[in-house]
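Encoded as C-alpha cells, the structure appears first; notes follow it.
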Amino acid sequence: MDDIPPTPHRTPTTITRRNLLGGALALGLLSSGCSIPVGLGSSQTRVKYWHFLGASDGVIMNGMVGAFAKENPALFVEENVLQWGEPFYTKVAMAGAGGRSPDVATFHLARLAGIGPGQILDPINLDLLAENGLRAEDFSPPIWERAHIDGVLYAVPFDAHPMVQYYNTDVCGRAGLLGGDGKLLPTKGTDQLLESLRKAKEALGGKPSLAFDALGLGTVGPWRVWSSLYAQSGGTLLSDDGTQITIDDAKALEVLAFMRTLGEEGLCDPTTDYGASVAAFQNGNAAFLWNGDWETTTFKLAKMPFSMARFPSVFGGASAQADCHVFVVPHQRARDPQVERATYRFIAYLVKNSADWAVAGHVPAYLPALEQPEYLALQPQSEYRSVITEVALDPQVWFAGSASRLWIEFGEAFSPVIGGTRTPEEGLALAKNALRRLMETPNPFPEER
Amino acid sequence: MTTTVAAPATTAPVAKAKAARPWTQHGMLFIAPFLVVYVAFLVWPLLLGLQMSLSSVNIAGSNDGFVGFANYAEAFGDPRMWRSLWNTVLFTVLSTVPLVILGLVFALLVHNLRFMRWLWRLSFFAPFLLPSAVVAVLWRQMIYQPGFGLLNGTLGTDSLWLGDPNMAMWSVVMTTVWWTVGFNFLLYLAALQSIPEQLYEAASIDGASAWDKLRSITLPMLRRTTGLVVVLQLLASLKVFDQIYLMTGGGPEDSTRPIIEYAYDIGFTGYRVGYASAVSYILFILIVAVSLVQLRLLRKREESLR
C-alpha cells in the first residue's frame with residue numbers, strides 16, 4: 001500500500017528533522033482526514049526517491065527536485081530524506097531484500113562493494129541511460145570505473161566530496177596568511193602548516209585555530225584526517241585484491257604523531273565533536289575547518305567571511321580523502337516500465353544539472369558540468385575542483401565506504417590519540433586489530449558467480 | 001450441556017469426558033486473539049531465529065546455507081561477543097543494586113513525609129515517563145557534554161563522561177538510575193501503603209523505636225515486593241540496549257556495548273543475520289537461566305514462609 005505521505009515541496013528553507021516530521025505529520029493527518037492524497041493525481045507517474053542529504057546540501061537537493069517537478073508536470077518525485085550513515089544502509093538493504101525498494105536512491109560509491117550488487121541493487125539500465133543522453137565518456141574515468149562491479153554498472157556517478165579546508169578570511173587576514181589576491185597562501189609540509197596554525201591561534205587570542213570532528217558517537221573525523229594525510233605520504237591500507245594489510249607503520253605513525261601535535265599544542269580542540277566543529281568555525285572561534293565540502297551552504301547562509309581551499313599538502317602528496325555520491329536502483333521484484341523510464345529521466349536531469357548541485361559544495365562527476373561557466377563562476381566552490389584527480393578513495397572491500405565499520409573503527413582508534421589519552425602506537429595497534437578482524441569476518445554477500 | 005458431561009463423569013475415564021467438552025468451555029474463544037498474536041510474534045520468530053542461527057543467512061535472506069553450529073562456535077571464540085556479554089552482566093550488576101536500594105530509600109522518604117508528598121512522588125517518578133531517546137539526548141548533549149556540559153560546568157572538571165572507557169559505563173548507569181528508579185520506587189511505595197497501620201501502633205505501644213519498626217515490621221513486610229522488584233530489574237537490565245545505543249553507540253573501545261547491541265550491529269549494520277541470531281540465542285539462554293534460578297529461589301522462600 002502506498003500510504004507514505006509525500007514530503008512537501010517547500011521553498012528552500014533549512015530542513016530540520018522537526019519541520020520534516022511536522023510536515024509529514026500534518027500531511028498524514030490531512031490524508032487520513034479526506035483520504036485523497038494531495039498532489040497525487042492518477043495521471044502522474046510517481047518516482048520514489050530516497051536520500052540521506054540532510055546537511056545543508058539537502059536544501060539544494062530539495063530545490064532541484066522542485067525544479068524537476070516544474071519541468072515535468074506528468075511526473076511526481078516523492079522525496080524521502082532519511083538519516084545519513086549506517087541506518088540508511090540498513091534501510092536500503094532491508095527494502096532491497098524485500099523487493100519493495102524506492103525507485104532510486106543516493107548511495108556512496110565506496111559502499112557499492114559491500115551491499116551485494118545483484119541482490120540489494122539492480123544493474124543500471126544502460127539503454128535508458130543512453131536514451132536520456134548520458135554517456136560513459138561524460139564521467140570522471142576513475143569514478144565511472146569504480147561504479148562497476150565485475151564489469152556491470154551498478155551506479156550513476158553524481159559527485160565527489162573530498163575533504164577540504166574552509167578558512168575564515170577575516171582571521172587569516174589578521175594573521176597575515178592571505179596572499180595579495182585575498183586567497184589563502186598554500187602551505188607545504190608540516191612546519192609551514194603548523195606555523196600558519198600558530199599565527200592564526202595568536203590572531204584568535206590563543207583559541208585553537210583549527211576545528212575538525214575529533215570526538216563523539218561514531219566519529220569518523222579522525223579517520224578522514226588521517227586517511228587524507230596518510231594517502232599523501234603514499235601509504236596504503238590493503239593490497240589491491242584486499243587480502244593483505246599493507247599499512248606502512250612508520251608513515252602511519254608519523255601522521256598520528258602529527259595529529260597528536262595538533263592536540264598537544266592546542267592548535268585544535270580534541271574534545272570537538274562534529275556539530276561543535278562546524279559551530280566553532282561558523283562563530284569565528286576557529287580560523288580553519290577541515291571537513292567534507294558539504295557544509296558550504298551552511299556558511300554561505302550564515303553570511304560569514306570565509307573561503308575554501310584544497311586540503312593542505314602536508315606529507316608529500318596533495319590528496320584528500322573522499323567518497324562520491326552516486327545514484328543506484330535498489331532491487332525491486334517487478335519494475336513498472338513507465339516508472340523506470342521516469343526514474344532515468346529524473347537521474348539524468350540531476351546529473352546534467354550538476355552545476356546546480358555544485359552549489360552545495362560537491363565537485364561534479366559529470367565532466368561537462370566542470371566546464372560550464374556557471375560552475376566556474378561559483379565561489380568558493382570551484383576553488384578546490386582540481387582535487388578531483390587526487391581523491392583518496394577507500395580500498396575496494398566490502399567493509400569500506402562512508403559510515404562503514406572501517407571508518408568507525410579507525411575513527412574510534414585515532415580519536416584518543418589526538419586527545420593524548422592513547423599514544424600513536426596504541427592507536428595504530430587498535431586500528432590494525434580492527435582491520436584484521438574485519439578481514440576475518442566473512443562477507444555477508446559472497447559473490448554468487 | 002452439563003448433563004452430558006456430568007452423566008459419564010462417574011463411570012467413563014476422565015480423558016473421554018474432556019474430549020466431549022466443546023472447546024468454548026476452555027475459554028479458548030477468549031484467548032484465541034492473544035494466542036494468534038503470541039504465536040505470530042513470539043513463538044514463530046523464536047523458532048525462525050533458531051533456524052537462522054544455524055545458517056549463514058544475510059539481511060537480504062540470501063546466502064542461507066545450513067552451517068550447523070558454526071555460528072555458535074564462532075561466537076564462543078569471539079572476544080567481542082564475550083566483551084559485550086560481560087558488559088551486559090556488568091551493567092546488570094552495577095544498575096540493579098542502586099536501582100533497588102534507591103527505590104526503597106526514596107519510597108521510605110516519601111512515605112514518611114508530611115508535606116508536599118505529591119511533589120516528591122512526582123519528582124522521583126517523572127523521569128520514568130520519558131522515552132529513552134529524550135533521556136539519552138538530554139544526558140549526552142546537555143549533562144555529559146564535554147567542554148560546556150552541566151556536569152563539567154558544575155563540578156569544574158574536564159572529564160569525558162561518555163568518552164573515557166573507564167567512565168562510560170558508570171555514566172550510563174548513572175543515567176539509567178535517574179531514569180528508571182521511579183518504577184521500583186512506585187512498587188515500594190504501594191507496598192508500604194498496604195502495610196497495616198495497627199502493626200506500627202502495636203509496636204509503638206510496646207515502645208519500639210523507629211529503627212526497630214523499620215527493621216522488624218517494614219522490611220519483612222516488603223520482602224515479597226523486593227523479590228518482585230529484583231526479578232523485574234534483573235530482566236530489564238539484562239535487556240539493556242536503547243540508552244547505551246543512543247548515548248555511546250557501544251564505545252568507547254567497546255567499553256559499553258551490550259550484547260543486544262552487538263547482535264544488532266552484526267545483523268543490521270554488518271548484514272550477518274545468521275551470526276546475529278546465534279549471539280541473540282546466547283543471551284536468550286542466559287536470561288532463561290536467570291529466570292529459572294529466580295523462580296526457584298522465590299518458590300523456596302515462599303515455602304519457608306508458610
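The values are calculated or read from the model by the stated rules, or taken from the named source; none is laboratory data. In this text the structure is predicted, and so the values were computed from the model without any measurement. Note that each Cβ is placed from the backbone with ideal geometry, even for glycine, and that neighbours are counted across all protein chains shown. All accessible areas refer to the heavy atoms of the entire protein, side chains included, with ligands and DNA or RNA removed. Shrake-Rupley method; radii C 1.70, N 1.55, O 1.52, S 1.80 Å.
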For region B:199-211, indicate whether the set of residues that are closer than 13 Å to B:Val100 by Cβ and of a type in the set (Val, Ile, Thr) is non-empty. no
Among the residues of region B:51-66, is there at least one that is in a helix (DSSP H, G or I) and within 27 Å of the chain's Cα centre (by Cα)? yes
Test result for A:Phe76, more than 14 Å from chain B (Cβ to nearest Cβ), at pLDDT 90 or above and more than 24 Å from A:Ala322 (Cβ to Cβ): yes
Consider A:Thr389 against the criteria (1) among the hydroxyl-bearing types (Ser, Thr, Tyr); (2) open to solvent by 60 Å² or more (accessible area, probe 1.4 Å); (3) within 14 Å of chain B (Cβ to nearest Cβ): it satisfies all of them except one. Which criterion is unmet? (3)
Check whether at least one residue in region A:362-375 is at pLDDT 90 or above, touching a Cys at 6+ places or on another chain (Cβ under 7 Å) and part of a loop (DSSP other than H, G, I, E, B), and report yes or no. yes
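Quick grid of which residues meet (1) in a strand (DSSP E or B); (2) open to solvent by 10 Å² or more (accessible area, probe 1.4 Å); (3) in the same structural domain as A:Ser227 (by TED's automatic domain parsing):
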| residue | (1), (2), (3) |
| --- | --- |
| A:Tyr167 | yes, no, yes |
| A:Asp170 | no, yes, yes |
| A:Gln192 | no, yes, yes |
| A:Ala200 | no, no, yes |
| A:Gly205 | no, yes, yes |
Tally up the residues in region A:143-153 that are open to solvent by 10 Å² or more (accessible area, probe 1.4 Å) and not in a strand (DSSP E or B), please. 5
Residue check, A:Phe327 touching a residue at least 60 places away in the same chain (Cβ under 8 Å) and either within 16 Å of A:Gln381 (Cα to Cα) or open to solvent by 20 Å² or more (accessible area, probe 1.4 Å) (or both): no
Just the residues that are outside any helix (DSSP H, G or I), within 12 Å of another protein chain (Cβ to nearest Cβ) and hydroxyl-bearing (Ser, Thr, Tyr), please, taken from region A:409-449. A:Thr421, A:Thr441
Condition (residue is away from chain B (no Cβ under 14 Å), surrounded by fewer than 17 Cβ atoms within 10 Å (Cβ to Cβ) and within 24 Å of A:Pro222 (Cα to Cα)) applied to region A:365-378: is it met by at least one residue? no
Restricting region A:79-96 to residues that are without any contact (Cβ under 8 Å) to a residue 60 or more places away in the chain and within 10 Å of chain B (Cβ to nearest Cβ), the one surrounded by the fewest Cβ atoms within 10 Å (Cβ to Cβ) turns out to be A:Pro87
One residue from A:Ala342, A:Ala309, A:Ala348 being in a strand (DSSP E or B) and out of contact with any helix residue (DSSP H, G or I) (no Cβ under 7 Å at 6 or more places or on another chain): A:Ala309
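Yes/no matrix, rows are residues, columns are (1) over 24 Å from B:Gly163 (Cα atoms); (2) within 14 Å of chain B (Cβ to nearest Cβ):
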residue	(1), (2)
A:Leu267	no, no
A:Asp273	no, yes
A:Val278	no, no
A:Asn283	yes, yes
A:Trp294	yes, no
A:Leu301	yes, no
Can you report the number of residues in region A:393-411 which are among the aliphatic types (A, V, I, L, M) and surrounded by 24 or more Cβ atoms within 10 Å (Cβ to Cβ)? 2
Go through (1) in a loop (DSSP other than H, G, I, E, B); (2) open to solvent by 20 Å² or more (accessible area, probe 1.4 Å) and name the single condition B:Ser255 misses. (2)
Quick check on region B:79-94. Is at least one of its residues at pLDDT below 95 and not in a helix (DSSP H, G or I)? no
Which of (1) of a type in the set (Val, Ile, Thr); (2) in contact (Cβ under 8 Å) with a residue 60 or more places away in the chain; (3) open to solvent by 10 Å² or more (accessible area, probe 1.4 Å); (4) within 14 Å of another protein chain (Cβ to nearest Cβ) does A:Ile115 not meet, given it meets every other one? (3)
Do we find that A:Tyr384 is farther than 29 Å from B:Glu74 by Cα and touching a strand residue (DSSP E or B) at 6+ places or on another chain (Cβ under 7 Å) in this structure? yes
